[in-house]
1. What residue, of 62, 13, 57, is farther than 17 Å from residue 107 by Cβ and exposed (fewer than 14 other Cβ atoms within 10 Å of the Cβ)?
2. Have a look at 39, 97, 50 and point out the one that is outside the structural domain of residue 160 (by TED's automatic domain parsing), under 12 Å from the mean Cα position of the chain (by Cα), within 28 Å of residue 20 (Cα to Cα) and at pLDDT below 95.
3. Here is a list: 140, 144. Which entry is touching a residue at least 60 places away in the same chain (Cβ under 8 Å), over 17 Å from the mean Cα position of the chain (by Cα) and buried (at least 18 other Cβ atoms within 10 Å of the Cβ)?
4. Could you go through region 77-84 and let me know if any residue there is over 22 Å from residue 1 (Cα atoms), loosely packed, with under 15 Cβ neighbours inside 10 Å and in contact (Cβ under 8 Å) with a residue 60 or more places away in the chain.
5. Quickly run through region 30-52 and pick out the residues that are outside any helix (DSSP H, G or I) and more than 29 Å from residue 129 (Cβ to Cβ).
6. Would you point out the residue of region 120-137, among those that are surrounded by 12 or more Cβ atoms within 10 Å (Cβ to Cβ) and without any contact (Cβ under 8 Å) to a residue 12 or more places away in the chain, that is farthest from residue 68 (Cα to Cα)?
7. Does residue 104 satisfy the condition of being crowded, with 20+ Cβ neighbours inside 10 Å, more than 26 Å from residue 42 (Cβ to Cβ) and at pLDDT below 95?
8. Looking at region 13-29, which of its residues are closer than 19 Å to residue 86 by Cα and in a helix (DSSP H, G or I)?
C-alpha cells in the first residue's frame, strides 16, 4: 500500500514481484484506512499493518499480533513516544483513523479513544520504538552492531555508512 503517485515506481523497484496497491486519499490515516478496506474486502479475516520505520521489528511480533486478533477486535503495538507501530483488525472500521494526530505523541491515545467509541476490544503487543529522531537511529545502530541478523540490510547500510564516514574523516585529516 502506498500513495498513488508512488505506485508505478515502487512496482518497478520491486520488479513487479509484489502487488502494489494505491491508497485512496492522502496521508497516513488515509493509507491505514485503505489498507483495511482493501484487504478485508479481499476476504482476509485478519489484517495487520505495521510501520516502515522499524526495520528491526521481529517477525514474532507480527505472529503475536495475529494471535491477539484471534480474541480481540483490534490489536495495537504502542511506541514509547505515544504513537503506535502496528495496528490490526478483523474488519475495516472507516472511522478508526479519522481526525488528526497521526504521527504525534497523542496518536495512540486518539486511536484508543476511537476504538472505545466503536466498542472494539483491544489487545496489545509489546511496546517498541520506531525511528523518528537521531537518537533512535543511534540506538538502532548500536543494537544492530550486536545483532545484525535482526535487520541485515539495515545493519549492512550502517556498516557502509560508518566506513564512508571513517574515509571522509581520514581524507579531511581527522582521526
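1. Testing whether each residue is farther than 17 Å from residue 107 by Cβ and exposed (fewer than 14 other Cβ atoms within 10 Å of the Cβ) leaves just 13.
2. Details: 39 fails: under 12 Å from the mean Cα position of the chain (by Cα); 97 fails: under 12 Å from the mean Cα position of the chain (by Cα).
When all the criteria are applied, what remains is 50.
3. The unique qualifying residue is 144.
4. Taking every residue of region 77-84 in turn, none turns out to be over 22 Å from residue 1 (Cα atoms), loosely packed, with under 15 Cβ neighbours inside 10 Å and in contact (Cβ under 8 Å) with a residue 60 or more places away in the chain.
5. Just the residues of region 30-52 that are outside any helix (DSSP H, G or I), to begin with: 42-52.
Correct list: 42, 43, 45.
6. Looking at the filtered set, the residue picked out is 137.
7. Answer is no for this residue.
8. 27, 28, 29
The values are calculated or read from the model by the stated rules, or taken from the named source; none is laboratory data. Since we're looking at a predicted model, the values are computed, not measured. Every residue, glycine as well, gets a Cβ built from its backbone with ideal geometry; the counts of neighbours run over all protein chains shown.
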